[in-house]
1. Would segment 139-160 turn up any residue that is β-branched (Val, Ile, Thr), touching an Asp or Glu at 6+ places or on another chain (Cβ under 7 Å) and either closer than 23 Å to Met248 by Cβ or at pLDDT 95 or above (or both)?
2. For segment 141-194, name all the residues that are charged (D, E, K, R) and part of a loop (DSSP other than H, G, I, E, B).
3. With respect to Ala59, is the statement that it is among the hydrophobic types (A, V, I, L, M, F, W, C), exposed (fewer than 14 other Cβ atoms within 10 Å of the Cβ) and at negative phi true?
4. Taking segment 201-244, which residues are in a strand (DSSP E or B), touching a strand residue (DSSP E or B) at 6+ places or on another chain (Cβ under 6 Å) and either touching a residue at least 60 places away in the same chain (Cβ under 8 Å) or among the basic types (Lys, Arg) (or both)?
5. Quick one: would you say Asp64 is in contact with a Ser or Thr (Cβ under 7 Å, 6 or more places away or on another chain) and assigned to a loop (DSSP other than H, G, I, E, B)?
6. Can you tell me which residues in segment 256-273 are touching a helix residue (DSSP H, G or I) at 6+ places or on another chain (Cβ under 8 Å) and either of a type outside the set (Gly, Ala, Ser) or assigned to a helix (DSSP H, G or I) (or both)?
7. Looking at Ala276, is it part of a helix (DSSP H, G or I), more than 16 Å from the chain's Cα centre (by Cα) and either closer than 30 Å to Val123 by Cα or at pLDDT 95 or above (or both)?
8. Scan segment 222-255 for residues that are surrounded by 24 or more Cβ atoms within 10 Å (Cβ to Cβ) and either within 20 Å of Pro68 (Cβ to Cβ) or among the aromatic types (Phe, Trp, Tyr) (or both) and report the count.
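The values are calculated or read from the model by the stated rules, or taken from the named source; none is laboratory data. Just so it is clear, the model here is predicted, and its values are computed rather than measured. A quick note on method: Cβ atoms are made from the backbone with ideal geometry, for glycine too, and the neighbour counts reach across all protein chains shown.
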Amino acid sequence: MDKHYLIWPLLLLLFISPTLKAQKIRVDGKLQKELALLTKDFEGTVGIYVYHLGKRKEASINADTLFPTASIVKVPILVGLFDKIEKKELFYHQPLTYRDSLKYGGSGLMQFFKDSTQTDLSVLAALMISYSDNTTSLWNQALAGGGSAINKVMERYGLQFTRVNSRTAGRENDWKKYGWGQTTPREMAQLLVKIRQGEAVNRAASERMYRLMTNIYYDEYALSQIPPYVQCASKQGMVNDSRSELVMVNAPHGDYVFYVATKNLKDQGWEEDNSAWQLARKISAHLWRYFEPKSHWEPAPGDEQLLKGLKY
């Protein structure tokens, strides 16, 4: 047989198969209906995107609607930071000196460091993701080249709506409307999928970012409804009017990612029973049971009392 007859099918597979793969994502109609029922009485705007990587099925509610990121913007900042590391403009354990002029309030630990404390870039990245540290996040944003540079990285990955707004020239109106950052449930989930699959910056950077995202302090919301011995990569975002959560679950029967976004909240309290956090827990618990139906795990008796500091 002429060898050319063997080469052409291989070439067709190389060029056509990615397109075919992209067309294979199907809507999980059953899950879509169940999500609608779970959210129908919520007092606020809800956006949800769920994607099972192995089954290549998705379900969504307002998945392409813009929502504030709050601290979930720290994931794009992390990708922008590693983009600079890949370009040799920064390096992971680069020595840095903390100054009081960098202090920013809200969540995090570095604001309590003494002036002139010696640290390094890896500490900044870890605090930004694990403890959602605002001081290190703004420092990392600047080190990554600022919001404009990070937004160009997002554009490069085909993310049309995911943007850093704060301290970013030309995005003042977006900042007034959405705060530090903005995204859609679909896009932010897609960014985490890229990290999981080794496609954000490069494989080494993706794996390092994924490791950072598996060490999260804020585990009392969606993460509380997943067995503690199952690895998850996640990031949470919280402001008065919006609570959102991004989670990738490395489940026994296949990874799944979900993003639960909320805005226009009627309940803007910061107690543990805030309606948006209750929704995140409810969605997370439902997804775990849906994708792992043979698992009989549920939160331990007394877990809620323990978190509230009550006797149990």
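1. If we filter segment 139-160 for residues that are β-branched (Val, Ile, Thr), which is where we start, we get 150, 153.
Going one step further and asking which of them are touching an Asp or Glu at 6+ places or on another chain (Cβ under 7 Å), we end up with 153.
Filter once more, keeping what is either closer than 23 Å to Met248 by Cβ or at pLDDT 95 or above (or both): 153.
Yes, some residue in segment 139-160 is β-branched (Val, Ile, Thr), touching an Asp or Glu at 6+ places or on another chain (Cβ under 7 Å) and either closer than 23 Å to Met248 by Cβ or at pLDDT 95 or above (or both).
2. Answer for segment 141-194, where residues must be charged (D, E, K, R) and part of a loop (DSSP other than H, G, I, E, B): Arg167, Arg171.
3. Details: among the hydrophobic types (A, V, I, L, M, F, W, C): yes; exposed (fewer than 14 other Cβ atoms within 10 Å of the Cβ): no; at negative phi: yes.
For Ala59, the condition - among the hydrophobic types (A, V, I, L, M, F, W, C), exposed (fewer than 14 other Cβ atoms within 10 Å of the Cβ) and at negative phi - is not met.
4. Residues of segment 201-244 in a strand (DSSP E or B): 232-239, 242-244.
Among the residues that remain, those that are also touching a strand residue (DSSP E or B) at 6+ places or on another chain (Cβ under 6 Å) are: 232-237, 242-244.
Passing the criteria: Lys235, Gln236, Gly237, Ser242, Arg243, Ser244.
5. Details: in contact with a Ser or Thr (Cβ under 7 Å, 6 or more places away or on another chain): yes; assigned to a loop (DSSP other than H, G, I, E, B): yes.
It is true that Asp64 is in contact with a Ser or Thr (Cβ under 7 Å, 6 or more places away or on another chain) and assigned to a loop (DSSP other than H, G, I, E, B).
6. So in segment 256-273, the residues touching a helix residue (DSSP H, G or I) at 6+ places or on another chain (Cβ under 8 Å) come out as 256-262, 265-267, 272.
Matches in segment 256-273: Tyr256, Val257, Phe258, Tyr259, Val260, Thr262, Leu265, Lys266, Asp267, Glu272.
7. Numbers: part of a helix (DSSP H, G or I): yes; more than 16 Å from the chain's Cα centre (by Cα): yes; either closer than 30 Å to Val123 by Cα or at pLDDT 95 or above (or both): yes.
Spelling it out, Ala276 is indeed part of a helix (DSSP H, G or I), more than 16 Å from the chain's Cα centre (by Cα) and either closer than 30 Å to Val123 by Cα or at pLDDT 95 or above (or both).
8. 10
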